[in-house]
Amino acid sequence: MNRRIFQLAIASLWLSLPLVALQYTRVWNQLPARMAMHFNAANQANGWMSRTQALNLAVGFMAFLLAIFTAILLYIGHHRVDKRVDAFFWATLGFCALVLGTMIEVNRGIVSYNLHGTPLMLGAILVAVPIAPVLLIAIYVASKREPAVSSDKAAELLAEETHSGRSLAPAFLPAMVGPAIAAAVVPVLAVRIAMATVLFIGLAMISAVWSGFQYRFFRHGFEISILGFRLRSIPKNQIQSYSAEAWSIWRGYGIRGIGNTRAYVWGNTAVHIKTLNGDIFLGTNDAQRTLQNLDKVTGALQHARN
């Protein structure tokens with residue numbers, strides 16, 4: 001894809017800023033001096049502010065989002081090694097556009113409510129917003145995982161490991177209480193569907209934490225999977241060295257890292273693998289076993305024995 005087109009697309013996101021301002025200014029004299037700006041789950045107004053405050057909030061928040069999104073988009077574009085605009089670039093741009101479009105629609109609904117008393121119709125947005133980040137993550141993983149290292153996996157499989165996060169899975173359950181209650185008792189159908197979607201996504205994440213990361217070691221490399229989905233493949237010829245090291249909670253758990261560094265960790269021990277394409281950290285419950293399995297792949301004792 002043409003990088004200049006992508007850069008122009010980023011710049012076009014800023015058109016949302018004057019568009020939001022125009023939603024207010026074109027009917028400025030018709031708006032009430034005290035505008036309803038906040039609504040409860042039943043779509044009833046429960047927060048108000050002046051017209052000037054409402055305009056400043058709408059424009060200021062949109063400018064804040066634009067600044068964040070522009071920085072993110074330029075950052076991921078600048079740190080690409082091959083400088084190509086791939087599917088993930090466009091997916092990220094689409095996600096940013098969705099969020100900005102959501103804010104435009106919310107402000108349109110607020111203006112309409114204050115002019116005519118028209119209820120906010122945000123059902124589709126409430127469902128789309130929690131799904132969009134999941135789709136973005138899925139596109140990212142699919143675009144980065146590389147081809148499988150083996151076409152005959154049964155014949156070339158050397159070893160398998162599972163690095164589970166079962167001890168951490170219960171910590172995610174309290175976050176499911178709010179969506180579960182909202183899905184059950186809120187009278188607005190769109191909110192109930194949105195909360196049910198959030199609950200489903202949350203339970204899927206807990207299942208992923210519980211089952212953990214699966215490592216499969218082959219004659220020509222190894223693969224990292226979760227819930228049966230291959231996250232990444234590392235060919236044997238890209239492995240340079242590997243060694244065990246401690247992993248701190250401050251470095252985070254789950255799938256971590258930016259740029260050319262990735263970590264797949266649920267515990268306090270990891271195997272640090274240096275490859276031609278960056279560093280990889282495999283969380284492990286038995287570091288020596290993981291190192292030995294990597295030895296089987298490389299056919300040599302490349303790791304540091306402490």
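List of remarks:
- For segment 255-273, a residue qualifies if it is at pLDDT 90 or above, under 18 Å from residue 216 (Cα atoms) and surrounded by fewer than 20 Cβ atoms within 10 Å (Cβ to Cβ), and the qualifying residues are 263, 272.
- Taking every residue in segment 223-247 that is without any contact (Cβ under 8 Å) to a residue 40 or more places away in the chain and not assigned by TED's automatic domain parsing to the domain that holds residue 261 and pairing it with any residue that is in a strand (DSSP E or B) and not aromatic (Phe, Trp, Tyr), at least 6 positions away or on another chain, yields no pair with a Cβ-Cβ distance below 7 Å.
- Residue in segment 273-283 that is in contact (Cβ under 8 Å) with a residue 24 or more places away in the chain and farther than 30 Å from residue 75 by Cα present: no
- Sole exception among (1) within 32 Å of the chain's Cα centre (by Cα); (2) closer than 23 Å to residue 97 by Cβ for residue 43, by number: (2)
- Filtering segment 178-190 to residues that are modelled with pLDDT of 75 or more and within 25 Å of the chain's Cα centre (by Cα) leaves 178, 179, 180, 181, 182, 183.
- Single residue of 199, 282 found to be under 22 Å from the mean Cα position of the chain (by Cα), among the hydrophobic types (A, V, I, L, M, F, W, C), assigned to a strand (DSSP E or B) and crowded, with 16+ Cβ neighbours inside 10 Å: 282
- Residue among 197, 118 that is in contact with a helix residue (DSSP H, G or I) (Cβ under 9 Å, 6 or more places away or on another chain), at pLDDT 75 or above and assigned by TED's automatic domain parsing to the domain that holds residue 249: 197
- Here is the figure for segment 8-51: residues that are touching a helix residue (DSSP H, G or I) at 6+ places or on another chain (Cβ under 8 Å) and either in a helix (DSSP H, G or I) or polar (S, T, N, Q) (or both) total 15.
- Unmet criterion (only one of (1) modelled with pLDDT of 85 or more; (2) surrounded by fewer than 17 Cβ atoms within 10 Å (Cβ to Cβ)) for residue 102: (2)
- Restricting the first member to segment 139-150 and to residues that are at positive phi, and the second to residues that are at pLDDT 70 or above and of a type outside the set (Ser, Thr, Tyr), the beta-carbon pairs closer than 8 Å and six or more apart or on different chains are 146/232; 146/234; 146/235.
The values are calculated or read from the model by the stated rules, or taken from the named source; none is laboratory data. Please read all numbers here as calculations on a predicted model, not as lab measurements. Heads up, the Cβs are rebuilt from the backbone with ideal geometry, glycines too, and the neighbour counts pull from every protein chain shown.
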